[in-house]
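In what follows, a single structure is set out as structure tokens and then discussed.
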Amino acid sequence: MKNRAVRAFVHHWASHTGAAAVQVVSPADEPRLIEEALAAGEIQEVVDGRYYARSFVKDTARSEERTFVATGNPGDRGIYNNWVPSDQIRPKVEALMKGASAGKVMYVIPYFMANPGSPLAKWAVGLELTDNRLVVLHMLRMTRVGPEYLDAIEGDVFVRGVHVTGDLDQLNHGTPEDTRHFVTFADERLILHFGSSYGGNALLGKIAHGLRQASYDGYASGEFLAEQFMLIGIHDKQTGRTRYIAGGFPSASGKTNLAMLVPPKALAGRFEVTFLGDDITWLYVDPADGRLYGFNPEFGVFGVAKDTNEITNPNAMKAVGPGSGSLLTNVAYNEVTKQVWWEGLTPKAPRDVAGWRDWKGELISDRPPELQAGGPGHEWSHPNSRFTARLANVPNLSEEWSNPRGVPIDAIIFGGRVHDREPLIRALPSLAAGVYDGLTLGTEATAAAEGKAGVMRYDPMSMRPFMSYAEGPYASHWLDLIGRCRKPPVFAHVNWFQRDDGRYIWPGYAENLRPLLWLLDLAEGKVKGVDTPVGVLPAADELNLSGLSLAPSDLERLLSYDPALWREEAARRQEHLAQFEELPEEMWKAHRDLVAKLARAAKSP
Ligand code: OXD
Ligand code: MN
């Protein structure tokens, strides 16, 4: 690597962590690294060119309480970003990393979070140092890797990341002595992660750079937004047009399924959904046409395996299919047949348990007979088990995926899991109402996630775990940036998860295309909708339901809202918003408007 700043950085950290050797990674190294990882038992073969890995049993997900944003400016402290002063936390992390890679190889991964030629290229250059080969194999799927990305830059404008795995069974996970530290020093563009080899804790391009660092950079420069959003195109074969929707949904709320959607039969003749991204979108305004553009800075998909199957996500099944080179982590593995299985792949676990091991590596056949079929608390796979696939293997990948400019955004949607209050879709009348909706986005905790099942957790813009600066300025930056658009996107809130006594009222998955088509029609004035205090809802005959049978009472419930529940929600929102300092007046006004409309609605019969 030619860049002097790169060389100095590598030199410093190789010496600090005590690494025994340094290796610069490029995609050509993949076959060798796979061989080495197989030989070392870090991965195992899955039939037809795929690979399986198990993580340390206590290292299976991001850890929000051990994740910090550090800067030199106390004004960056927000409610959710776990801000700490840099000078306080830096010595601790450095001390933990000192000598902690002794005897290991330090891999140098130069990467790029954009398409070459992107207007945001300057913020996309990164360098991850890691002492973990499996992390390299993941980064080779999730990011564009190659020394050329760093050799091309002048000076030292790159994000510096250091990942040290640590001695995983000595980290006191979940105790007051927990030594794991995942820190983004956002004003220094430095990321130091110690004590994990899993997912966003270890693949620094994804969440630490792609969301935390990038959203900070976007704010500091005033030039862009970086959000946990999926990004899709909806192509209409009749008109030949494609329109683009970006959407924020809290982690594990179905973004990947939505982005890989295959239209239901009755709509497939006319519409096609194309995949741009399932987890991260960077957004900027192009002054040339005054439109908001978005692109996916990633190169792969790190998707939740649980419940992925031919019905919920046939494209994901193909993306991780034979010959894809995908990695599967913490699912169940059969060491004899070299097959994998996860909860929801098929309705029941394989009946013949011979050779099967659960995600912890324990033989299913060693379980008492009544626990061999799995079930709550005895799952074969971990609820956060994942597949890692390259974008190139996603069957509905958009032709625009490699366009450096990105795609013009027609609509931005927010959605969480809400069992009672949220209608199927409601369009929001203005930019301020849209940003307000994003700030008050919430989702009900599932048993698998943190918090009590069913309890609402606010997750502003679906960025709560990735916020890098304070929420008030966050809202202002949104208003300012999108306010520059001459043709701004429309906003809407969607909810696939209304329930009636536990039964999901809306079939979800492929059918989710229907409300999105309605939104695009609304944006073009082809339908009018019904104006309500919570936004514009579809009139029953405006939603294209061809080929779908839905009980009239269910449809009515999906397309209505309950003022009493919404008044309770508005009171909670008041408290939620009151936490945020420097919240722009537009947000309070949007809130007061909602409250006033709900009060008027209450008076009508
Ligand atoms: C992810 C996450 O891995 O949200 O995308 O945790
Ligand atoms: Mn995510």
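Evaluate segment 78-88: report whether one residue or more is buried (at least 21 other Cβ atoms within 10 Å of the Cβ) and of a type in the set (A, V, I, L, M).
Scanning segment 78-88 turns up no residue that is buried (at least 21 other Cβ atoms within 10 Å of the Cβ) and of a type in the set (A, V, I, L, M).
Do any residues in segment 215-230 that are under 16 Å from Pro119 (Cα atoms) have Cβ atoms under 6 Å from those of residues that are within 16 Å of ligand 1 (Cβ to nearest atom) and part of a helix (DSSP H, G or I), where the two are at least six apart or on different chains, and which pairs are they?
Between residues of segment 215-230 that are under 16 Å from Pro119 (Cα atoms) and residues that are within 16 Å of ligand 1 (Cβ to nearest atom) and part of a helix (DSSP H, G or I), the close pairs are Ala226/Leu211; Ala226/Ala214; Ala226/Ser215.
Among the helices (runs of 4 or more DSSP H) contained in segment 209-316, which hold 3 or more residues that are under 24 Å from Arg457 (Cβ atoms)?
The qualifying helices (runs of 4 or more DSSP H) are 214-221, 255-259.
Could you pull out the residue among Leu276, Leu283, Leu327 that is more than 16 Å from ligand 1 (Cβ to nearest atom), modelled with pLDDT of 95 or more, aliphatic (A, V, I, L, M) and crowded, with 17+ Cβ neighbours inside 10 Å?
None of the others qualify; the one that does is Leu283.
List pairs: first in segment 292-320 and within 18 Å of Glu343 (Cα to Cα), second hydroxyl-bearing (Ser, Thr, Tyr), Cβ under 6 Å, 6+ apart or cross-chain?
As it stands, the answer is Phe302/Thr388; Gly303/Thr256; Ala305/Ser385; Thr312/Tyr509; Ala316/Thr308; Val320/Ser326, since those pairs meet every condition given.
So, in segment 60-71, how many residues would count as being in contact with a helix residue (DSSP H, G or I) (Cβ under 8 Å, 6 or more places away or on another chain) and either under 17 Å from Val136 (Cα atoms) or exposed (fewer than 13 other Cβ atoms within 10 Å of the Cβ) (or both)?
Final tally of qualifying residues: 0.
For residues that are touching a Lys or Arg at 6+ places or on another chain (Cβ under 9 Å) and of a type in the set (Ser, Thr, Tyr), tally how many sit in segment 189-212.
Number of matching residues: 2.
Which numbered condition trips up Gly321, out of (1) within 16 Å of ligand 1 (Cβ to nearest atom); (2) farther than 19 Å from Gly117 by Cα?
(1)
Filter segment 38-90 down to the residues that are over 18 Å from Arg180 (Cβ atoms) and assigned to a strand (DSSP E or B) and list them by number.
Listed by number, the residues that qualify are Gln44, Glu45, Val46, Arg50, Tyr51, Tyr52, Ala53, Thr71, Pro85.
Could you list, in sequence order, the residues of segment 61-92 that are hydroxyl-bearing (Ser, Thr, Tyr) and either within 16 Å of ligand 1 (Cβ to nearest atom) or closer than 14 Å to Gly472 by Cβ (or both)?
Matches in segment 61-92: Ser63, Thr67, Tyr80.
Could you give every pair whose Cβ atoms fall below 7 Å, whose first residue belongs to segment 54-79 and is touching a residue at least 12 places away in the same chain (Cβ under 8 Å) and within 16 Å of ligand 2 (Cβ to nearest atom), and whose second residue is among the basic types (Lys, Arg) and outside any helix (DSSP H, G or I), counting only separations of at least 6 or pairs across chains?
The qualifying pairs are Ser63/Arg180.
Here are some conditions: (1) in contact with a strand residue (DSSP E or B) (Cβ under 9 Å, 6 or more places away or on another chain); (2) under 29 Å from Thr175 (Cβ atoms). Ala121 meets all but one. Which one does it not meet?
(2)
To keep it simple, each residue is scored yes or no on (1) within 24 Å of Ile311 (Cα to Cα); (2) surrounded by fewer than 17 Cβ atoms within 10 Å (Cβ to Cβ).
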position: Asn334; (1), (2): yes, no
position: Lys348; (1), (2): yes, yes
position: Arg357; (1), (2): no, no
position: His382; (1), (2): yes, no
position: Ser385; (1), (2): yes, no
position: Glu399; (1), (2): no, yes
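Kindly provide the set of residues from segment 301-329 that are basic (Lys, Arg) and under 15 Å from Pro347 (Cα atoms), ordered by number.
The answer is Lys306, and nothing else.
Only one of Leu548, Leu594 is among the hydrophobic types (A, V, I, L, M, F, W, C) and in a helix (DSSP H, G or I); which?
Leu594
Restricted to segment 177-197, and to residues that are buried (at least 24 other Cβ atoms within 10 Å of the Cβ) and of a type in the set (Phe, Trp, Tyr), which residue is nearest to ligand 1 (Cβ to nearest atom)?
Phe182
Would you please list the contacts, defined by Cβ atoms under 6 Å and residues six or more apart or on different chains, that run from a residue in segment 536-563 that is within 30 Å of Ser430 (Cβ to Cβ) to a residue that is buried (at least 17 other Cβ atoms within 10 Å of the Cβ) and among the basic types (Lys, Arg)?
Within 6 Å, the pairs are Leu537/Arg426; Leu543/Arg514; Asn544/Arg514.
Kindly indicate whether any position in segment 521-533 is among the β-branched types (Val, Ile, Thr), in a loop (DSSP other than H, G, I, E, B) and farther than 24 Å from Asp307 by Cβ.
Among the residues of segment 521-533, at least one is among the β-branched types (Val, Ile, Thr), in a loop (DSSP other than H, G, I, E, B) and farther than 24 Å from Asp307 by Cβ, which makes the answer yes.
Cβ-Cβ below 6 Å, separation at least six or inter-chain, first residue in segment 238-254 and over 20 Å from Val407 (Cα atoms) and away from ligand 1 (no atom under 14 Å from the Cβ), second part of a loop (DSSP other than H, G, I, E, B) and among the small types (Gly, Ala, Ser): which pairs?
none
On the basis of being under 30 Å from Gly117 (Cα atoms), within 16 Å of ligand 1 (Cβ to nearest atom) and touching a residue at least 40 places away in the same chain (Cβ under 8 Å), does Leu261 make the cut?
no
Scan segment 39-49 and tell me whether some residue there is modelled with pLDDT of 95 or more, buried (at least 20 other Cβ atoms within 10 Å of the Cβ) and closer than 21 Å to Tyr198 by Cβ.
Yes.
Is there a residue in segment 263-273 that is over 30 Å from Ala202 (Cα atoms) and among the basic types (Lys, Arg)?
Yes, the conditions are met somewhere in segment 263-273.
Quick one: count up the residues across segment 148-201 that are free of Cβ contacts under 8 Å to residues at least 12 places away in the same chain and within 16 Å of ligand 2 (Cβ to nearest atom).
The qualifying residues number 0.
Exactly one condition in (1) in contact with a helix residue (DSSP H, G or I) (Cβ under 8 Å, 6 or more places away or on another chain); (2) within 16 Å of ligand 2 (Cβ to nearest atom) is not met by Ala246; state its number.
(1)
The values are calculated or read from the model by the stated rules, or taken from the named source; none is laboratory data. This is a predicted model, so every value here is computed, not measured. Here Cβ is always computed from backbone atoms with ideal geometry, including for glycine, and neighbour counts include all displayed protein chains.
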